[in-house]
1. How about segment 244-285: which of its residues are polar (S, T, N, Q) and either part of a loop (DSSP other than H, G, I, E, B) or in contact with a strand residue (DSSP E or B) (Cβ under 6 Å, 6 or more places away or on another chain) (or both)?
2. Just to be sure I understand the filter: pairs with C-beta atoms under 7 Å, separated by 6 or more residues or on different chains, first member in segment 259-288 and over 20 Å from Arg206 (Cα atoms), second member of a type in the set (S, T, N, Q). Which pairs pass?
3. Can we say Pro242 is more than 19 Å from the chain's Cα centre (by Cα) and closer than 17 Å to Asp174 by Cα?
4. Please work out which residue is farthest from Val178 (Cα to Cα), limiting yourself to segment 200-225 and to residues that are without any contact (Cβ under 8 Å) to a residue 60 or more places away in the chain and touching a strand residue (DSSP E or B) at 6+ places or on another chain (Cβ under 7 Å).
5. Given the conditions (1) assigned to a helix (DSSP H, G or I); (2) of a type in the set (S, T, N, Q); (3) crowded, with 20+ Cβ neighbours inside 10 Å, and given that Thr170 satisfies all but one, which numbered condition is not satisfied?
6. Give Ala192, Ala199 a once-over and let me know the one that is at pLDDT 95 or above, in contact with a helix residue (DSSP H, G or I) (Cβ under 7 Å, 6 or more places away or on another chain) and in a helix (DSSP H, G or I).
7. Working only within segment 4-63, note down all residues that are among the β-branched types (Val, Ile, Thr) and either assigned to a helix (DSSP H, G or I) or without any contact (Cβ under 8 Å) to a residue 24 or more places away in the chain (or both).
Amino acid sequence: MVDGGWTISYAAAVFNVAWPTAEKWADRYRTCGPAAMEDRSSRPHACPRRTPRPIVRKIVHLRWKKRLGPVQIADRLGLAASTVHAVLVRCRINRLSHVDRATGEPIRRYEHDHPGSLLHVDVKKLGNIPDGGGWRYTGRQQGHKNRAATAGKPRSKHHGPLLGTAFVHTVIDDHSRVAYAEIHDDETAATAIDVLRRAVAWFAARGVTTQRVLSDNGSAYRSHAWRDACLELGITPKRTRPYRPQTNGKIERFHRTMADGWAFARMFYSESARRKALPAWLHEYNHHRPHTAIGKHSPITRLNNLAGQYS
């Protein structure tokens, strides 16, 4: 139309577009040349009817502090629920899972930049399985019968067997999400220290030097023995704030994955059978299971790619 002298109607017919569309692109070319032929965003330059900033601040405040939904916020502020929802989406707090339950603030995620910079440690408690299977798969009635028939266990004052608890001591690398776990019959400081020593050696064998370790405020991790063992290993011990499991959230989420993928994934006919299945599941988790937080790769790939740079 500009260089060849075509009419608007003829160009529109040749390229199978509407008459206004042909004229629009011709005007762009006349004004700015070939650079104007790149498509532009259809977002308007100005939004005079956009929700005012004071109203946006009120919506965000009610979402953070009260955890209210769009309908409740709209009722309080005299707005349409669709308007409130649009503001929440724009502020990226449209889902309550994006908001910290303790403070109401948006969740701040962190990740250390190389393997070994920070190890998370924690203990997961699981009730031991009676011989014949637990109540989750056999039902309450049969589960109680299996529990009563389990031999070789001490008895309570009510003559029921004391099956005890399995304490899964877990260590997970903050950057790669590679996990190390052992099952013990207690969560004392001595046991936790032994697990830490073996975990540090396990990571060192894979080229990772441990610098820090983060734990909750359990008695084992508040002990002087834990502090002295960390200093002996050249590790800086750190603890989360009380009642703030979000800070140690990577290992908390790993425990959920471990429970779904191993502890309660299928029926085990004894506690020893479940414990024997843990190493195979850990290998699957570390070497084969895609992890969404690290680009759907398995954790060991990140460890192999970056460990040698920082060890």
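1. Initial filter on segment 244-285 (polar (S, T, N, Q)): 246-248, 257, 270, 272.
Across segment 244-285, the qualifying residues are Asn248, Ser270.
2. Listed pairs, sorted by first residue: Glu271/Asn128.
3. Details: more than 19 Å from the chain's Cα centre (by Cα): yes; closer than 17 Å to Asp174 by Cα: no.
Judged against the criteria, Pro242 is not a match.
4. Asn217
5. Here Thr170 clears every test but (1).
6. Sole residue among the options that is at pLDDT 95 or above, in contact with a helix residue (DSSP H, G or I) (Cβ under 7 Å, 6 or more places away or on another chain) and in a helix (DSSP H, G or I): Ala192.
7. The answer is Thr7, Ile8, Val14, Val17, Thr21, Thr31, Ile55, Val56, Ile59, Val60.
For every residue, the table says whether it meets (1) more than 16 Å from Val123 (Cα to Cα); (2) of a type in the set (Gly, Ala, Ser).
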position	(1), (2)
Ile183	no, no
Asp194	no, no
Gly207	yes, yes
Ser223	no, yes
Trp226	no, no
Thr247	no, no
Ser270	yes, yes
Arg274	yes, no
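The values are calculated or read from the model by the stated rules, or taken from the named source; none is laboratory data. Nothing here was measured: the structure is a model prediction, and the numbers come from that model. Counting neighbours? That spans all protein chains shown, and the Cβs are built from the backbone with ideal geometry, glycine included.
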